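Okay, structure first, notes after.
The values are calculated or read from the model by the stated rules, or taken from the named source; none is laboratory data. Keep in mind that this is a model prediction, so the values were computed, not measured. No Cβ is skipped: glycine too gets one built from the backbone with ideal geometry, and neighbour counts run over all protein chains shown.
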Amino acid sequence: MADNADIATDNVQRYLDHTLADRSAKALRTVTPECEDCGDPIAPERLAALSNCGCIRCVDCQALFEHKQKGGRHG
């Protein structure tokens, strides 16, 4: 039988899964001419290359975003 901690953990996991799915779906369909983080124009070549999968950040901001997602760790 599940206790309250197990139920809470399951609820949090469902929430996180749903939130990540929403973010992924949004990123897949979003292409912006300016970087959402710094406001600089995104290179036309990058926009063209990522038009099917979404592009909301310039190369530099995307690299910084991915670095932060990894917890700032190298490797």
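Which residues, taken from segment 31-70, are surrounded by 13 or more Cβ atoms within 10 Å (Cβ to Cβ) and on the phi > 0 side of the Ramachandran plot?
Of everything in segment 31-70, just one residue is surrounded by 13 or more Cβ atoms within 10 Å (Cβ to Cβ) and on the phi > 0 side of the Ramachandran plot, namely GLY54.
Yes or no: segment 24-31 includes at least one residue that is at pLDDT 90 or above and of a type in the set (D, E, K, R).
No - not one qualifying residue is present in segment 24-31.
Any residue in segment 35-52 that's of a type outside the set (D, E, K, R) and at pLDDT 90 or above: show its pairings with residues that are in a loop (DSSP other than H, G, I, E, B) and exposed (fewer than 14 other Cβ atoms within 10 Å of the Cβ) at Cβ separation under 9 Å, as long as the two are six or more apart or on different chains.
Pairs that qualify, where the first residue is of a type outside the set (D, E, K, R) and at pLDDT 90 or above and the partner is in a loop (DSSP other than H, G, I, E, B) and exposed (fewer than 14 other Cβ atoms within 10 Å of the Cβ), are PRO41/PRO33; ILE42/THR32; ILE42/PRO33; PRO44/PRO33; LEU47/THR32; LEU47/PRO33.
Name the pairs whose Cβ atoms lie under 7 Å apart, with the first residue in segment 9-30 and surrounded by 10 or more Cβ atoms within 10 Å (Cβ to Cβ), the second assigned to a helix (DSSP H, G or I) and modelled with pLDDT of 80 or more, and 6 or more positions between them or separate chains?
From segment 9-30, no pairs qualify.
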